[in-house]
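The values are calculated or read from the model by the stated rules, or taken from the named source; none is laboratory data. None of the values given here were measured: they were computed from a predicted structure. Note that each Cβ is placed from the backbone with ideal geometry, even for glycine, and that neighbours are counted across all protein chains shown.
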Amino acid sequence: MTTTIIGFPRLGEFRELKFTTEKYFRNELSEAELLEEAKALRSKHWQILKDKGLTEIPSNDFSHYDNVLDAAFLFNVVPQEVQDLELSDLGRYFALARGYQGDKGDVRAWPMKKWFNTNYHYIVPKFEKGTQVKVASQKIFDEFSQAKELGILTRPVLVGPFTLLQLSDFEEGLEPADFLEDLVSAYQAVFARLAELGAKKIQLDEPSLVKDLSAQEKELFLGLYQRLLADKKGLQVLLATYFGDVRDIYQDLIALPVDALGLDFVEGKKTLDLVKSGFPEDKTLYAGIVNGKNIWRNNYAKSLAILEQIPTDKLVLSSSCSLLHVPFTTANEDFGQDILEHFAFAVEKLDELRDLEAIRQGEEELLEANQALFAKERVGQNKELAQRLAGLTEKDYTRLPAFAEREQIQAQALKLPLLPTTTIGSFPQTKEVRSQRLAFRKGELSQEAYDQFLAQQIDDWIKWQEAVGFDVLVHGEFERNDMVEYFGQNLSGYLFSKNGWVQSYGLRGVKPPIIWGDVTRLNPITVKWSSYAQSQTKKPVKGMLTGPVTILNWSFPREDISIKDSTLQIALAIKDEVLDLEAAGIKIIQIDEAALREKLPLRRSDWYEDYLDWAIPAFRLVHSSVAADTQIHTHMCYSEFTDIIPAIDNMDADVISFEASRSNLVILDELKAKNFQTQVGPGVYDIHSPRVPAAGEIDQTIAAILAKVPSQKVWINPDCGLKTRGIKETRESLVRLVEAAQAARKEL
Ligand code: GLN
Ligand code: ZN
């Protein structure tokens, strides 16, 4: 029996690591205590894996913050200023993860990016001129030894050199190849030390191999591995890939002297075809067959049918990717058995791996029970909704009149000045806002008192925005805990877990709602507070909605209908909300698609067919029926859409705001080159930092924008919503923003 996983969630069943570390950040806990708790957590997790019968258990999949940052520290890819900080190892590590400002110095955090097509963020390492790659951290060794002392011989996990280089930044004038030799030596030194400690295997994660690979990238990969594998120091190497298939490099992979290959049979569309074309006898295949990303039970019959076609007996059953991307266990949920039996979180996925192996050994009853589960009708179909969807025609996806005509009509109707100023929607969610919401949820505060509180917040901020001179106001989103959950709670077909946390940013978790059945709108969602806010001012107040693609991407989707169909259901619900807002007199409506890019397929060749060809129409469906003089905005939390500008233009919004203050505005050149029509609000300051822009800073940014975009097309707004910021810095920054916009307007 051979089963394993790529990695296990590390925050703990009740997010212990997060809470403990936060205590340490607040100086309520010593470093030694934090390390002790982390150690206990690892032991607990290994013990679970062992008790569940996994035959191969990973180590070093644990991290105090992020495993890419761990790899950077392991190989000494740490800027000199951080190496010089007179802090402990862990102190320096957190300095790079979160920034450090104190008596020892002032260091900025490294940036974060999304880990492939997940909502997990890794820290982006930077190779600099002074970077001296060598083994510089004991973490991987210590964790291996810790498990060994418990009697568990683990398989240490490490980000592979190719993926590490692919994900890193390089100081100008440097390139990955400059570090090839040193990196290979350092990896080999890690192998040697692990072998010395008694390790037999190592897992190198190379998810970058599932992307489109250029000839140059292939050369880099092969250069690295031919050298690396020339001396494995006695270890067996598992090269693990996930999040897709390795079609560009499969032939090379099977020719490499690795001992085992990990392939993803869940997300890898071509994986089965590839292995059927031939798999070498000398290697073991780690087959990722249990979905590491979704929360539904594995369909054993389907999985077994795939496994049967794999032409090798040297097979280890595994998860498709690390279980980091699913919640810990269903054991702490309150759902009824009829619901729970359909879910498998991380711990339950371990049972599935063992079941699959047991069935392969002849325990047929396990298969029958699983088939019975899938034979049951889980949820009925909403006939009315199905009809509505079936009745959609091209007209429903097309807003008329066309943008150019609407632009004029809206200019007439809204009479906004040049460079109109606005914000992205939320204002600071202060302690007070959160505690009132909690009190209301717990029943300690009446609906009436809570409503009064919200109205008061809105009143204050509307007055403040008017006084500062904003052109388009917002109500502030004080009633919302989260931009997806708030909507989900007003939609049928949604379930909310109690403890279904998944690691996202640093130690922070998100709790994605679960799409359980057909989605329809239960009642108007945002009309009450948007129209209240509008009643308090003569200036236009923007209505704020979350778009269908983002709602879907930040939920656990169904597997029994397509993601496209689920998205269209959500789109219809949001469409109804748009029309209600319009009917209530809201003239400007923003439909956030903060996560549109997140699920863009990793391979360019799949972008349109697998995603954009339905995601963009789903957005159009939402706003296609509004009147010409209703202005539709959208917002995106990133500016890396240079490659998909035509698709973004095709959303046919009237205005789009996006993050731009930290990028060098190259996106604007591209917009111009592609003849982008939509009006744009490139964020003029970074809301992810408490820093208030210096005098003149926003003015410069606006000047840079105006050098690239015609002034009639430009909006002035921050990068994103302000809910995570404090009131003081927010107000100071926004005053600067309005002043800068007004000054620029005068110039024009
Ligand atoms: N309207 C949302 C807000 O301001 C947008 C958030 C987001 O883009 N992540 O909070
Ligand atoms: Zn945003």
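Of note:
- Residue in segment 416-423 that is over 23 Å from SER492 (Cβ atoms) and within 16 Å of ligand 2 (Cβ to nearest atom) present: yes
- Looking across segment 579-599, the residues that are farther than 23 Å from ASP610 by Cα and within 15 Å of ligand 1 (Cβ to nearest atom) come down to LEU581, ILE586, ILE588, ILE589, GLN590.
- Of the helices (runs of 4 or more DSSP H) lying entirely inside segment 12-87, those carrying at least 1 residues that are over 30 Å from LYS201 (Cβ atoms) and acidic (Asp, Glu) are 16-25, 31-51, 80-83.
- Evaluation of TRP501 against (1) of a type in the set (Phe, Trp, Tyr); (2) surrounded by fewer than 21 Cβ atoms within 10 Å (Cβ to Cβ); (3) more than 14 Å from ligand 1 (Cβ to nearest atom) (one fails), failing number: (2)
- THR567 vs. criteria modelled with pLDDT of 95 or more and within 19 Å of GLY425 (Cβ to Cβ): no
- Which listed residue is surrounded by 11 or more Cβ atoms within 10 Å (Cβ to Cβ) and not small (Gly, Ala, Ser), from GLN361, GLN447, GLN371: GLN371
- Any chance VAL684 is surrounded by fewer than 22 Cβ atoms within 10 Å (Cβ to Cβ), under 21 Å from LEU734 (Cα atoms) and in contact with an Asp or Glu (Cβ under 9 Å, 6 or more places away or on another chain): no
- Subset of segment 522-552 (residues that are free of Cβ contacts under 8 Å to residues at least 60 places away in the same chain, over 22 Å from VAL655 (Cα atoms) and within 16 Å of ligand 1 (Cβ to nearest atom)): ILE525, LEU552
- The set of residues in segment 386-424 being surrounded by 11 or more Cβ atoms within 10 Å (Cβ to Cβ) and under 18 Å from THR567 (Cα atoms) consists of ALA386, ARG388, LEU389, LEU392, ASP396, TYR397, THR398.
- Lone unmet requirement of (1) within 16 Å of ligand 2 (Cβ to nearest atom); (2) within 21 Å of LYS113 (Cβ to Cβ) for ARG691: (1)
- Per the listing ARG26, ARG10, ARG42, the residue uniquely at pLDDT below 95, basic (Lys, Arg) and over 25 Å from ARG360 (Cβ atoms) is ARG26.
- Subset tally (residues that are away from ligand 1 (no atom under 16 Å from the Cβ), part of a loop (DSSP other than H, G, I, E, B) and surrounded by 16 or more Cβ atoms within 10 Å (Cβ to Cβ)) for segment 687-707: 2
- Taking the conditions (1) away from ligand 1 (no atom under 16 Å from the Cβ); (2) touching a Phe, Trp or Tyr at 6+ places or on another chain (Cβ under 6 Å) in turn, HIS475 satisfies each one other than (1).
- Residue match in segment 525-540 (condition: out of contact with any Phe, Trp or Tyr (no Cβ under 8 Å at 6 or more places or on another chain), more than 30 Å from ALA413 (Cα to Cα) and polar (S, T, N, Q)): no
- Qualifying residue in segment 625-637 (condition: of a type outside the set (Phe, Trp, Tyr), at pLDDT below 95 and either touching a Pro at 6+ places or on another chain (Cβ under 9 Å) or part of a loop (DSSP other than H, G, I, E, B) (or both)): yes
- Within the option set ALA147, ALA189, being assigned to a helix (DSSP H, G or I) and either at positive phi or in contact with a strand residue (DSSP E or B) (Cβ under 8 Å, 6 or more places away or on another chain) (or both) holds for one residue only, ALA147.
- Pair list, Cβ < 9 Å and 6+ apart or interchain, from segment 91-109 residues that are at positive phi to residues that are acidic (Asp, Glu): GLY99/ASP106; GLY105/GLU81; GLY105/ASP84; GLY105/GLU86
- Which numbered condition GLU31 misses (of (1) touching a residue at least 60 places away in the same chain (Cβ under 8 Å); (2) out of contact with any Ser or Thr (no Cβ under 8 Å at 6 or more places or on another chain); (3) exposed (fewer than 15 other Cβ atoms within 10 Å of the Cβ)): (2)
- Among the residues of segment 288-310, just one is among the aromatic types (Phe, Trp, Tyr) and either under 26 Å from the mean Cα position of the chain (by Cα) or in a strand (DSSP E or B) (or both), namely TRP296.
- Evaluated against (1) surrounded by 17 or more Cβ atoms within 10 Å (Cβ to Cβ); (2) in contact with a Lys or Arg (Cβ under 9 Å, 6 or more places away or on another chain); (3) under 16 Å from THR642 (Cα atoms), ASP669 falls short on exactly one condition, (1).
- Among residues that are away from ligand 2 (no atom under 14 Å from the Cβ) and more than 27 Å from the chain's Cα centre (by Cα), VAL655 is not included.
- Test: GLU348 is outside any helix (DSSP H, G or I), away from ligand 2 (no atom under 16 Å from the Cβ) and under 23 Å from PHE496 (Cα atoms): no
- Of the helices (runs of 4 or more DSSP H) lying entirely inside segment 505-612, those containing at least 1 residues that are within 16 Å of ligand 2 (Cβ to nearest atom) span 548-553.
- Extreme residue, nearest to ligand 1 (Cβ to nearest atom), among residues of segment 407-433 that are under 15 Å from THR678 (Cβ atoms) and out of contact with any strand residue (DSSP E or B) (no Cβ under 8 Å at 6 or more places or on another chain): ALA411
- Among the conditions (1) within 16 Å of ligand 1 (Cβ to nearest atom); (2) assigned to a loop (DSSP other than H, G, I, E, B); (3) surrounded by fewer than 22 Cβ atoms within 10 Å (Cβ to Cβ), the only one that ALA653 does not satisfy is (3).
- Total residues in segment 229-246, condition closer than 25 Å to SER318 by Cα and more than 25 Å from the chain's Cα centre (by Cα): 7
- Count of residues meeting criterion [within 29 Å of VAL347 (Cα to Cα) and either among the hydrophobic types (A, V, I, L, M, F, W, C) or modelled with pLDDT under 95 (or both)] in segment 56-73: 5
- Restricting attention to segment 710-731 and to residues that are crowded, with 19+ Cβ neighbours inside 10 Å and among the hydrophobic types (A, V, I, L, M, F, W, C), the residue that is farthest from ligand 1 (Cβ to nearest atom) turns out to be VAL714.
- Cβ-Cβ under 7 Å pairs, at least 6 apart or on other chains, segment 472-489 side in contact (Cβ under 8 Å) with a residue 12 or more places away in the chain, far side near ligand 1 (Cβ under 10 Å from one of its atoms) and of a type in the set (Asp, Glu): MET483/ASP592
- Here LYS383, LYS395 are screened, and the one residue that is out of contact with any helix residue (DSSP H, G or I) (no Cβ under 9 Å at 6 or more places or on another chain), more than 16 Å from ligand 1 (Cβ to nearest atom) and over 25 Å from SER492 (Cβ atoms) is LYS395.
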